[in-house]
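Worksheet: one structure, shown below.
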Amino acid sequence: MDIVVLVSGRGSNLRAIVEAIDEGRCAARIVGVVSDRRSAPALQFAEERHIPTRVVHPREHSPREAWDAALAEAVGAWGAELVVLAGFMRIVGPAMIAAFPWRIVNVHPALLPSFPGSDGPAQAIAAGVRISGCTVHLVDAGVDTGPILAQAAVPVRGDDTVESLHRRIQRQEHRLLPSVVDAIARGWMRLGASPTVAPAHEPSDGSTGFVSPPFV
Ligand code: GAR
């Protein structure tokens with residue numbers, strides 16, 4: 001399955017997908033990487049790996065609707081079947097959602113519906129929860145409100161900082177996101193308003209698909 005990955009930052013999730021593809025754990029091909037930031041290290045990594053890249057900068061496409069349309073056009077040009085938001089820190093708009101209905105996947109550093117938005121780990125620390133994690137979900141018109149595909153849990157320790165918790169969550173993201181993309185690419189996971197996992201690929205313990213192994 002051809003995918004386009006959208007990034008804004010460091011790109012550790014992009015790396016995890018590339019590694020999973022290289023190791024045969026993810027049946028996808030990255031046909032392009034798009035960023036809203038020219039200086040994103042993720043973009044440099046993509047270039048090093050000879051993956052085609054594009055920057056769609058909000059300053060160059062104003063107002064917001066024009067940026068959204070430019071993004072949809074840039075992403076659509078590669079003819080990909082799936083769009084993966086891997087640390088993309090902007091909310092995609094109606095043009096993107098219309099161009100890729102139920103075909104945009106996002107990874108979020110919290111157990112949604114708790115702690116949506118840009119600072120999931122900080123919200124978890126502030127709320128004093130003892131368990132947090134990450135969520136891979138489909139993107140709809142809301143902010144981190146789309147149908148949940150998979151989640152992984154991590155403990156929140158008493159001495160955690162936002163950074164230490166985020167690092168622990170990211171270790172799970174790097175496992176979860178490629179495995180969800182793989183499940184979609186293989187047709188095990190069907191996308192839509194109510195996504196389903198093929199029975200043969202549901203965990204035998206009756207839990208929801210792709211939950212985390214015991215805490216790591
Ligand atoms: C990831 O932890 C991802 O969950 C988060 O940004 C980080 C990007 O890291 N995304 C959001 O918070 C979206 N609301 P990366 O650039 O190293 O993959």
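Among the candidates Arg10, Arg64, Arg38, Arg59, which residue alone is farther than 22 Å from Ile169 by Cβ, within 16 Å of the ligand (Cβ to nearest atom) and surrounded by fewer than 16 Cβ atoms within 10 Å (Cβ to Cβ)? From the options Arg10, Arg64, Arg38, Arg59, the qualifying one is Arg38. State all residues of region 57-72 that are within 24 Å of His108 (Cβ to Cβ) and not in a helix (DSSP H, G or I); if no residue qualifies, say none. Across region 57-72, the qualifying residue is only His57. Only a single item in (1) free of Cβ contacts under 8 Å to residues at least 24 places away in the same chain; (2) surrounded by 21 or more Cβ atoms within 10 Å (Cβ to Cβ) is not met by Val136, and it is number (1).
Yes or no, residue by residue, for (1) over 16 Å from Ser12 (Cβ atoms); (2) out of contact with any helix residue (DSSP H, G or I) (no Cβ under 9 Å at 6 or more places or on another chain); (3) modelled with pLDDT under 95; (4) hydroxyl-bearing (Ser, Thr, Tyr):
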| position | (1), (2), (3), (4) |
| --- | --- |
| Cys134 | no, no, no, no |
| Asp140 | yes, no, no, no |
| Thr161 | yes, no, no, yes |
| Leu165 | no, no, no, no |
| Gln170 | no, no, no, no |
| Glu173 | no, no, no, no |
| Leu191 | yes, no, no, no |
| Ala200 | yes, yes, yes, no |
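Taking region 107-139 as the range and being part of a loop (DSSP other than H, G, I, E, B), of a type in the set (A, V, I, L, M, F, W, C) and within 9 Å of the ligand (Cβ to nearest atom) as the test, only Ala110 passes.
Within region 73-82, is there a residue that is of a type outside the set (A, V, I, L, M, F, W, C) and either assigned to a strand (DSSP E or B) or buried (at least 21 other Cβ atoms within 10 Å of the Cβ) (or both)? So far as region 73-82 goes, no, none of its residues is of a type outside the set (A, V, I, L, M, F, W, C) and either assigned to a strand (DSSP E or B) or buried (at least 21 other Cβ atoms within 10 Å of the Cβ) (or both).
Of Ile104, Ile91, all but one fail to be out of contact with any strand residue (DSSP E or B) (no Cβ under 7 Å at 6 or more places or on another chain) and within 15 Å of the ligand (Cβ to nearest atom); the exception is Ile91. Looking across region 165-195 at every residue that is touching a residue at least 24 places away in the same chain (Cβ under 8 Å) and in a loop (DSSP other than H, G, I, E, B), the one that is surrounded by the fewest Cβ atoms within 10 Å (Cβ to Cβ) is identified as Ser194.
Taken over region 44-56, residues that are within 16 Å of the ligand (Cβ to nearest atom) and either outside any strand (DSSP E or B) or in contact (Cβ under 8 Å) with a residue 24 or more places away in the chain (or both) amount to 7.
Scanning region 101-137 for residues that are under 15 Å from the mean Cα position of the chain (by Cα) and among the aromatic types (Phe, Trp, Tyr) gives a single hit, Trp102. For beta carbons closer than 6 Å, sequence separation of 6+ or different chains, a first residue in region 12-26 that is of a type in the set (Asp, Glu) and a second that is within 10 Å of the ligand (Cβ to nearest atom), there are no qualifying pairs.
The values are calculated or read from the model by the stated rules, or taken from the named source; none is laboratory data. Computed from a predicted model, the values in this text were never measured in an experiment. Here Cβ is always computed from backbone atoms with ideal geometry, including for glycine, and neighbour counts include all displayed protein chains.
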